[in-house]
Amino acid sequence: MAGSPQASAAAPPTATSNATPGRGQFGGRGGATGPGATWWKDDSVKKEIGLGPDQVHRIDGIYEKRARDMASFVDELHKQRDLLEQMARERTADDATITVQISKFEAPQAELDKSRILMDYKISRVLTDDQNKKLQAYWERQRAADWAARCAADGRGRGRGPFPRLP
């Protein structure tokens, strides 16, 4: 199934990840920018899994419908995230107030997450069993390469595990 983290990145174009520049620390999950967001348009992926033009068209339709359907949730997520970040910066809200704001932020995020999972499921049904297996193998290789790159970038490489070194 196309439900891996990279495949799951196929969210509405305005959804953001935690690392989105200019959007602060409460960016949300399941962003749509970056590698893998529209994997079915990548020529090497299409070739590797044997994706046909009709399948690309059908997957595009599923993706675009979700983007349209979720636009209001993305807008609400951004609004609630901005309010939460403002509260966090100001540090004047009491625990109950910030807890309510966290819930307001998480509600549209949960809807986006559910719709992404459903979209991934619908996309998986466009693919044959063999294509799904090949796609999963592709994502496993991507995850391994991404992990190795992150470990090398922050000095965790050479089998030292996912934890940073202590001084």
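Descriptive notes on the structure:
- Residues of the stretch 88-133 that turn out to be within 30 Å of residue 57 (Cα to Cα) and in a helix (DSSP H, G or I), as a count: 24
- In this structure, residue 82 does not satisfy being in contact with a helix residue (DSSP H, G or I) (Cβ under 7 Å, 6 or more places away or on another chain) and charged (D, E, K, R).
- Subset of the stretch 29-52 (residues that are among the aliphatic types (A, V, I, L, M) and either at pLDDT 95 or above or not in a loop (DSSP other than H, G, I, E, B) (or both)): 45, 49, 51
The values are calculated or read from the model by the stated rules, or taken from the named source; none is laboratory data. The shown structure was predicted, so the numbers you read here are calculated from the model rather than taken from an experiment. Note that each Cβ is placed from the backbone with ideal geometry, even for glycine, and that neighbours are counted across all protein chains shown.
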